[in-house]
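> One structure, as structure tokens, below. Some questions next.
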Amino acid sequence: GYTVVAIDYRHAPEYQFPAQLEDVKTAIRFVCDRAQEFEVDGDRIALMGRSSGGHLAMLAAYDPDSIPIRGLINYYAPVNLTQGYYDLPNPDPLGIQNILRDFLGGTPEELPDLYDRASPWHLVAPNLPPSLLIYGQRDHLVQAKFGRNLQEKLLTFDNRSIFLEIPWAEHAFDAVHFGISNQIALYYTERFLAHTLSNP
């Protein structure tokens, strides 16, 4: 019963931030401007993303100048890029610091303001859309504790937020569609969407 629009964006290192966020916002406006043509309800939009897509979905949903978003679903997305640069997983199979330098063009010492602008952590304020945060306890790319910290900050500002930590799950656990981790996450995702989008 949901209309799903799957979008893409320019990728680093060829394109650096904020190009990716600009693309996401352009896509949202495109859909809203053509809501009647696409047969979607522009007043009942939820954003969902996985990993880097979840990171961009948070930045778009929490942006005070964004169109109203009814809900945000984040699967194992980075939260605070400065903290993530220094607090590395062990093992660190993809080289998080190299990824962040490619994405932003430098280190936190060189570009502190840009790291802040690219971190959903710094957009947390009252009256944000309800959030569903899903993380794997064994994630070696984006550690679950970052999602837990975001949950605590969201609640401190009296936002509605649910944090789901799947004990045995790694990054991209949902790639195994019929795996138990993904089935748990899908259940909560569907229930969250039903709740946040059901009211007119």
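Read-outs: derived from the displayed coordinates by stated rules, not from any lab. Everything numeric in this text was worked out from a predicted model, so none of it was measured. Cβ: placed from backbone, ideal geometry, glycine included. Neighbour counts: every protein chain shown.
> Could you run through segment 4-21 and say how many residues are basic (Lys, Arg) and either assigned to a helix (DSSP H, G or I) or touching a strand residue (DSSP E or B) at 6+ places or on another chain (Cβ under 6 Å) (or both)?
As a first pass, look at segment 4-21 and keep what is basic (Lys, Arg): 10.
Among the residues that remain, those that are also either assigned to a helix (DSSP H, G or I) or touching a strand residue (DSSP E or B) at 6+ places or on another chain (Cβ under 6 Å) (or both) are: none.
Here the count works out to 0.
> Separate question: Test Gln16 against the criterion of being in contact (Cβ under 8 Å) with a residue 40 or more places away in the chain and polar (S, T, N, Q), and give yes or no.
Values: in contact (Cβ under 8 Å) with a residue 40 or more places away in the chain: yes; polar (S, T, N, Q): yes.
Spelling it out, Gln16 is indeed in contact (Cβ under 8 Å) with a residue 40 or more places away in the chain and polar (S, T, N, Q).
> Out of Pro108, Pro120, which single residue is in contact with a helix residue (DSSP H, G or I) (Cβ under 6 Å, 6 or more places away or on another chain) and within 22 Å of Ala46 (Cβ to Cβ)?
Unique residue meeting the criteria: Pro120.
> Hydrophobic (A, V, I, L, M, F, W, C), farther than 26 Å from Asn159 by Cα and in contact (Cβ under 8 Å) with a residue 40 or more places away in the chain: does that describe Leu100?
Numbers: hydrophobic (A, V, I, L, M, F, W, C): yes; farther than 26 Å from Asn159 by Cα: yes; in contact (Cβ under 8 Å) with a residue 40 or more places away in the chain: no.
No; evaluated as a whole, the condition is false for this residue.
> Can you find even one residue in segment 63-82 that is crowded, with 16+ Cβ neighbours inside 10 Å, farther than 20 Å from Ser161 by Cβ and over 18 Å from the mean Cα position of the chain (by Cα)?
For segment 63-82, residues crowded, with 16+ Cβ neighbours inside 10 Å, farther than 20 Å from Ser161 by Cβ and over 18 Å from the mean Cα position of the chain (by Cα): absent.
> Which residues, counting only those in segment 148-176, are in a helix (DSSP H, G or I), closer than 21 Å to Tyr62 by Cβ and not acidic (Asp, Glu)?
First pass over segment 148-176, keeping only residues in a helix (DSSP H, G or I): 148-156, 173-175.
Remaining after also requiring closer than 21 Å to Tyr62 by Cβ: 148-156.
If the condition is that a residue be in a helix (DSSP H, G or I), closer than 21 Å to Tyr62 by Cβ and not acidic (Asp, Glu), then Arg148, Asn149, Leu150, Gln151, Lys153, Leu154, Leu155, Thr156 are the ones that fit.
> Checking the structure you have, find out if any residue of segment 177-190 is part of a loop (DSSP other than H, G, I, E, B) and not small (Gly, Ala, Ser).
Narrowing segment 177-190 to residues part of a loop (DSSP other than H, G, I, E, B): 177-179.
Among the residues that remain, those that are also not small (Gly, Ala, Ser) are: 177-178.
Within segment 177-190, one or more residues are part of a loop (DSSP other than H, G, I, E, B) and not small (Gly, Ala, Ser).
> Scan segment 67-79 and tell me whether some residue there is in contact with a Phe, Trp or Tyr (Cβ under 6 Å, 6 or more places away or on another chain), of a type outside the set (Ser, Thr, Tyr) and closer than 18 Å to Arg148 by Cβ.
Going residue by residue through segment 67-79, those that are in contact with a Phe, Trp or Tyr (Cβ under 6 Å, 6 or more places away or on another chain) are 76, 79.
After this cut, where a residue has to be of a type outside the set (Ser, Thr, Tyr) as well, the list is 79.
The next check asks that each one be closer than 18 Å to Arg148 by Cβ; those that pass are 79.
Looking through segment 67-79, at least one residue is in contact with a Phe, Trp or Tyr (Cβ under 6 Å, 6 or more places away or on another chain), of a type outside the set (Ser, Thr, Tyr) and closer than 18 Å to Arg148 by Cβ.
> Then there's this: Right, Gln20: more than 12 Å from the chain's Cα centre (by Cα), surrounded by fewer than 20 Cβ atoms within 10 Å (Cβ to Cβ), farther than 24 Å from Ala194 by Cα and not aromatic (Phe, Trp, Tyr) or not?
Against the criterion (more than 12 Å from the chain's Cα centre (by Cα), surrounded by fewer than 20 Cβ atoms within 10 Å (Cβ to Cβ), farther than 24 Å from Ala194 by Cα and not aromatic (Phe, Trp, Tyr)), Gln20 does not qualify.
> Mind listing just one residue for me: the one in segment 168-192 that is touching a strand residue (DSSP E or B) at 6+ places or on another chain (Cβ under 8 Å) and among the charged types (D, E, K, R) and, of those, nearest to Pro91 (Cα to Cα)?
Glu170
> Just one of (1) part of a loop (DSSP other than H, G, I, E, B); (2) within 26 Å of Arg117 (Cβ to Cβ) trips up Val24, so point out which.
Failed condition: (1).
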